[in-house]
Amino acid sequence: AAYNDNYTVSYNGEKLLTKMAYNKVGCVSLLTMDTLFTIPFDKAHTMNFSPDGKYIVIGSSKLFATVFDAETGDSLHTVRTNGDFDCDGCKTKVCISNDSKMVYTMSNKGAGILWNIKSGKIIKKLKTPEKSTDNILFSQNNDKLLLSFSDNLKIYDLNTGRESFSQENKDLD
């Protein structure tokens, strides 16, 4: 099953990403209901359009994420979220910055990674808990990253890569 994510609909409201099978994602026009293109992809978990409409980023259940051209579906590059081992079920989550320049990826196996959406080069690794996050959000000016878990909330300063705030809460949703 795919992760429920608000960004599977493009910011202009014209396109939708959908899992068509365990190994295929479709991009559908919400205006015509036609499938615009399909993307071969192994076990999609999170699927996001960039705010500027240029990119699609898909995170796999197998510890990698790939950037695609949002008009053609062509693969641009792939980033492995943990090169130490393979995993089938690790559910890589992705979040694209508000300026469409960065992607944050995280799974329950290893550090979160901030990387450049255009080049695929890693900007920095954040020392984060090795557990699945419920939500990932960039601050409005993209200098902070919020991660929420079932029992706490953490904010990271993206200039330093360090945790700047943590709040425990058993009722956090």
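On the basis of the beta-carbon distance and an R0 of 25 Å, I122 and D42 show a calculated FRET efficiency of 0.70. Take every pair of alpha-carbon atoms less than 8 Å apart whose residues are at least six positions apart; their mean separation over the length of the chain yields a relative contact order of 12 percent. In the chain, with Lys and Arg counted as +1 and Asp and Glu as -1 at Cβ, which of these residues, I155, V28, F64, has the Cα nearest the positive end of the dipole, that is, farthest along it? Comparing the listed Cα positions along the dipole, F64 ranks first. Each part reduced to its alpha carbon centroid, segment 144-173 and segment 44-73 end up 24 Å apart.
For L30, the amide hydrogen comes within under 5 Å of the amide hydrogens of K15, L16, counting only partners 5 or more places away or on other chains and with H modelled in the peptide plane. For D34, the solvent-accessible surface computed with a 1.4 Å probe is close to 90 Å², ligands and nucleic acids excluded. Structure note, pairs K91/K131; K91/K121; K93/K124; K15/K62; K131/K154: Cα-Cα distances above 19 angstrom occur for K91/K121; K15/K62.
Determine the per residue accessible area of the chain with all protein chains present and a 1.4 angstrom probe, expressed in square angstrom.
On the way: 8890 Å² over 173 residues.
On a per-residue basis, the chain sits at 51 Å².
Working from the Cα coordinates of segment 118-173, the gyration tensor eigenvalues give, after taking √(5λ), semi-axes of 21, 12, 11 Å in decreasing order.
Taking packing as the residue-averaged number of other Cβ atoms within 10 angstrom, the listed peptides 35-44, 162-171 run from highest to lowest as 35-44, 162-171.
For segment 1-138, with all protein chains present and a 1.4 Å probe, just round the carbon and sulfur fraction of the accessible area to a whole percent. Let's see the in-between values first.
Details: 3150 of 6600 Å².
Carbon plus sulfur share of accessible area: 48 percent.
The Kirkwood hydrodynamic radius of the chain, based on inverse pair distances between different Cα atoms, is 16.2 Å. Among I122, I113, I56, the largest mean-square fluctuation in a Gaussian network model of the chain (Cα springs under 10 Å) belongs to I122. With a 4.7 Å Cβ cut-off, tell me which Cys residues in the chain come up empty for a partner. Taking the Cβ cut-off of 4.7 Å, the unpaired cysteines of the chain are C27, C95. Across segment 94-173, Cα pairs under 8 Å and at least six residues apart give a relative contact order of 20 percent.
Potential lengthening of the chain between S132 and T160 amounts to 7.8 nm, from the contour at 0.36 nm per residue minus the alpha-carbon distance.
Solvent-accessible surface (1.4 Å probe) assigned to V25 amounts to roughly 0 Å².
Report the FRET efficiency, 1/(1 + (r/R0)^6), for E14 and N142, where r is their Cβ-Cβ distance and R0 is 30 Å, rounded to 0.05.
On the way: r = 24 Å, r/R0 = 0.82.
Here the calculated transfer efficiency is 0.75.
The values are calculated or read from the model by the stated rules, or taken from the named source; none is laboratory data. Small disclaimer: the values here were computed from a predicted structure and weren't measured. Don't worry about glycine lacking a Cβ; one is built from the backbone with ideal geometry, like all the others, and counts go over all protein chains shown. In case anyone asks, the SASA skips ligands and DNA or RNA and just uses the protein heavy atoms, side chains included. Shrake-Rupley method; radii C 1.70, N 1.55, O 1.52, S 1.80 Å.
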